[in-house]
Amino acid sequence: MGFKTQEEYLAYKQMVSDFLWKEVEPLVPKMDEEDHIPRELLFPRFRELGLFRLIIPEEYGGLGLTTAQYLPFIAEMSKVSGAVRALIHVHLTAARAIAFYGREEQKKAILPKMAKGESSLAFCITEANSGSGLDCKTAAVKQGDHYVLNGEKHLITNADFTDLFMVACYTGPRDLGKKAMSALIVESGAPGFTIEPMPHLLGCKGLGHGILTFKNCIVPAKNVVGEEGLGLDVFLGELEVSRVYVAASSLGTAMRALDESVKYAKKRITFGKAIAQRESIRMLLADMAMDIYGLRLMLEDVARKIDEGKPCALEASIVKSHGLETVCRVTDKAMQVLGGRSYLVSWPIERLFRDGRLNVLEEGTPSIQKLVTARALLSGDSPCTSPW
């Protein structure tokens, strides 16, 4: 850990929180309106405050935060800006993949630059006309000391500024299944590699996404993450933890929505009294609080298991599912509390409602999460049915 005492950690967390609320939050309305993150303004501050290196191991220039220490940062970012949260989330999740699966020379070459914010790495799995994982159509053929890569990826976050792209692709015969897939790092500007910006998003305005096209793109053989044939392990292994990060994002958005609802309910007067005194409003607030409290406890449990090195694919899927359901229910109820004002762009609920919907799709759809959960239950490998 990059802090000698808990007090140092808490002081740093407070400093980051102050930055988010005092410097980022005032920019959010304009970011949302213009669909643009002012990177020239914010990135120097991100570097100064260490946001690009939160969970990168200390030996490579990072702060080395544990999962339990990191989740509050993601939640706080989500309260202020879903776009900033997602940008940092993808940068650090990809860095974690290199830290866990990359060869030592790759870690030394990539992670220090990512920690300084001098470089960034994008996660490239999704394709427009096929599912993720084994249904991937992108493929690379090895020729001597390099691969020739062909295919397309879409909805690739941070494609508007990052310089490195970790691409899921087949490097062997498809009948080998997962052993035929690899993760290749492609540098921006590589011959045969082009990036096209995608249309604007519903929420998280300013967050860039791109369509990546590879036409006989030349990729050095040394750019395989780990080794050939481990690509699916790299991507699915990292997605397991990333789902927990997304759930923490849902928690932050929901907490902000509840806070705004409570404040509004106390000051909104109808028929001579605050609506907080009305039973229907109190029921809405209570429901929101129960969802949030449950999600927070789930996150604390799964974060502990990750930090202890325990397998937790089931728990990650459960907390991701509960997170997306929580953020949708809570923002829905916040709209009911605020009424017509929740539909105005000058009030934060409208933006929180839109930002939270990204969490429904991010790192796997709800049906995928529930399939993972059901599979574990049916196999008997589930803490949900084990003795308490």
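When 215, 153 are checked against the criterion of being assigned to a strand (DSSP E or B), at pLDDT 95 or above, basic (Lys, Arg) and farther than 27 Å from residue 355 by Cβ, a single residue qualifies: 215. The residues on offer are 140, 159, 168, and the sole one that is buried (at least 20 other Cβ atoms within 10 Å of the Cβ), more than 23 Å from residue 57 (Cβ to Cβ), within 17 Å of the chain's Cα centre (by Cα) and of a type in the set (Gly, Ala, Ser) is 159.
Note on region 283-331: residues that are under 14 Å from residue 360 (Cα atoms) and not small (Gly, Ala, Ser) total 12. Is it true that some residue in region 346-369 is touching a Cys at 6+ places or on another chain (Cβ under 6 Å), touching a residue at least 40 places away in the same chain (Cβ under 8 Å) and not aromatic (Phe, Trp, Tyr)? The answer is yes, given that some residue of region 346-369 is touching a Cys at 6+ places or on another chain (Cβ under 6 Å), touching a residue at least 40 places away in the same chain (Cβ under 8 Å) and not aromatic (Phe, Trp, Tyr). Out of all the residues in region 218-255, which are part of a helix (DSSP H, G or I) and more than 18 Å from the chain's Cα centre (by Cα)? Within region 218-255, 221, 222, 223, 231, 232, 233 qualify.
For region 233-275, a tally of residues being buried (at least 17 other Cβ atoms within 10 Å of the Cβ) and at positive phi returns 0. For the condition in the same structural domain as residue 35 (by TED's automatic domain parsing), within 21 Å of residue 220 (Cα to Cα) and not β-branched (Val, Ile, Thr), residue 95 qualifies. Could you check, for region 276-285, whether at least one of its residues is crowded, with 22+ Cβ neighbours inside 10 Å and basic (Lys, Arg)? No - not one qualifying residue is present in region 276-285.
The values are calculated or read from the model by the stated rules, or taken from the named source; none is laboratory data. Fair warning: this is a prediction, and the values are worked out from it, not measured in the lab. Methodologically, a virtual Cβ is constructed for each residue, glycine included, from the backbone with ideal geometry; neighbour enumeration extends over all protein chains shown.
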